[in-house]
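A quick write-up on the structure given underneath.
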Amino acid sequence: LVKEAMKAIKAFGSFDSIAVRMRRNGDYPFIAEIGLPPELRALEMSICAQNQHGESASPVKPQCLCGQVLMNEFTTASSCFSANGSFWCSDCKKSQAKLSSMPKMHIRGECLRHFNSLCLLPIRVDGQVQGLVHIGDRRKDLFDAQSVSFLEKTVSIFGICFERKSMRESIFGYTKDV
């Protein structure tokens, strides 16, 4: 179901890539992706700082923009964040310097180097951020407040899917791919 929803969103905007991160063992790895550059996937699989063994540091310390969205560590004073906690920019190269200068912003910048337009949309399950949808494209000027609002409503479907999966697991004691 997630893969089908991803395909629909990707086709809607003809986006280069779409990926989903979900909480697992204190981190938020990609669980599904379409078109994500392999080198970006390898570099950004974890949102956390890594120890010398390549394991996520504890406690979780987000080191990227995805982490800022997932941890609700954003400021609506920035035009890069929506009131619902989504991050978006339509000229990543120009936004990178601005973001790096903001207090409490921890970014590695890999996504900003790979894409010109980027949108990170939180997935909420039972009102809590449990994951995000990551949309990237090489073209500039793909996102504005109206398109982000539409995508936020669309991504709420992911949260409903994961809530249903969680309920099914607790009632029936089994998992089935979402």
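The values are calculated or read from the model by the stated rules, or taken from the named source; none is laboratory data. All values reported here derive from a predicted model rather than from experimental measurement. Note that each Cβ is placed from the backbone with ideal geometry, even for glycine, and that neighbours are counted across all protein chains shown. For accessibility, only protein heavy atoms count, side chains too; no ligands or nucleic acids. Shrake-Rupley method; radii C 1.70, N 1.55, O 1.52, S 1.80 Å.
Extending 7 Å from the Cα toward the beta-carbon at both residue 73 and residue 145 defines two label points whose distance is 2.7 nm.
Report the FRET efficiency, 1/(1 + (r/R0)^6), for residue 31 and residue 126, where r is their Cβ-Cβ distance and R0 is 22 Å, rounded to 0.05. The partial results should precede the final answer.
On the way: r = 18 Å, r/R0 = 0.83.
Plugging the Cβ-Cβ distance into 1/(1 + (r/R0)^6) gives 0.75.
Summing charges over neighbours of residue 35, with a neighbour being any other residue whose Cβ is under 12 Å away from its Cβ, gives +1 when K and R count +1 and D and E count -1.
Applying 1/(1 + (r/R0)^6) with r as the Cβ-Cβ distance of residue 154 and residue 110 and R0 = 25 angstrom yields a FRET efficiency of 0.50. Between residue 139 and 116, 117, the built amide H atoms are under 5 Å apart, and every one of these is 5 or more places off in sequence or on another chain. Applying 1/(1 + (r/R0)^6) with R0 = 41 Å to the Cβ-Cβ distance of residue 163 and residue 94 gives a FRET efficiency near 0.65.
On full extension of the chain, what length is gained from residue 171 through residue 138, given 0.36 nm per residue of separation minus the C-alpha to C-alpha distance? Present the calculation step by step, with values, prior to reporting the outcome.
Numbers: separation 33, 0.36 × 33 = 11.88 nm, distance 4.36 nm.
That pair, residue 171 and residue 138, stretches by 7.5 nm at full extension.
Stretching residue 11 away from residue 43 to a fully extended chain increases their span by 9.0 nm, per 0.36 nm per residue minus the current alpha-carbon distance. Figure note: 10, 140 ranked by solvent-accessible area, largest first, 1.4 Å probe, ligands and nucleic acids not counted: 140, 10. A simple rule links phi to the HN-Hα coupling: the Karplus curve 6.51 cos²θ - 1.76 cosθ + 1.60 with θ = phi - 60°, which for segment 117-128 gives 10, 9, 9, 10, 10, x, 9, 9, 10, 6, x, 10 Hz, with x for Gly and Pro. 3J(HN,Hα) along segment 152-163, derived from phi through the Karplus expression 6.51 cos²θ - 1.76 cosθ + 1.60 where θ = phi - 60°, amounts to 4, 5, 5, 5, 4, 4, 4, x, 5, 4, 6, 5 Hz, with x in place of Gly and Pro. At the residue level, residue 80 shows approximately 10 square angstrom of accessible surface with a 1.4 angstrom probe and all protein chains present.
Taking amide H as placed 1.01 Å from N in the peptide plane, residue 31 has its amide H under 5 Å from the amide H of 20, 21, 22, each at least 5 places away in sequence or on another chain.
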